[in-house]
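Have a look at the structure below, then the notes.
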């Protein structure tokens, strides 16, 4: 029986689903600080559906779009975690994931810098934000993700305690 889409995955299940070896997932966890699977006692990793979307996005950037590790880190810095996760969701749904910027003709230079395309409305909204506000929002998002991780850990601890009491 297959797991539901919302179920957590072990590293072996995640590696199989993403078609990459387990050591690659561990490496991505080291190289990309945004990849933070939950860990239970003994250090065993559990990947949430959001983690899998993020990993799929990284896989698209590295394997399909042929970005380097530094290139993917720059995309994380410039576009954020949600952007890369959205790439992963699109890949899982079989939607196009081509994000290379569209080059204009030399005769017509663009009026403003080109952004990476992904659901144009999101990219357009992000491009309209002043850099200070974008940095503040990115910082807030990172803090919220940290809080979410803490809540997930607490939830697992409570489940473990309830299991022991039964």
Q: Determine the gain in length on full extension of the stretch residue 163-residue 41; use 0.36 nm per residue of separation and subtract their C-alpha separation, reporting nm with one decimal.
A: 42.5 nm
Q. Tell me, in nm to one decimal, what length is gained between residue 17 and residue 143 on full extension, where the rule is 0.36 nm per residue of separation less the Cα-Cα distance?
A. 42.5 nm
Q | Estimated FRET transfer efficiency (residue 64, residue 30; beta-carbon r; R0 25 Å; 0.05) | A | 0.70
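Every number in this text was worked out from the coordinates using simple rules, so none of it is lab data. All figures in this text were calculated on a predicted structure; none of them were measured in a lab. Positions of Cβ are backbone-derived with ideal geometry, glycine not excepted, and every protein chain shown enters the neighbour counts.
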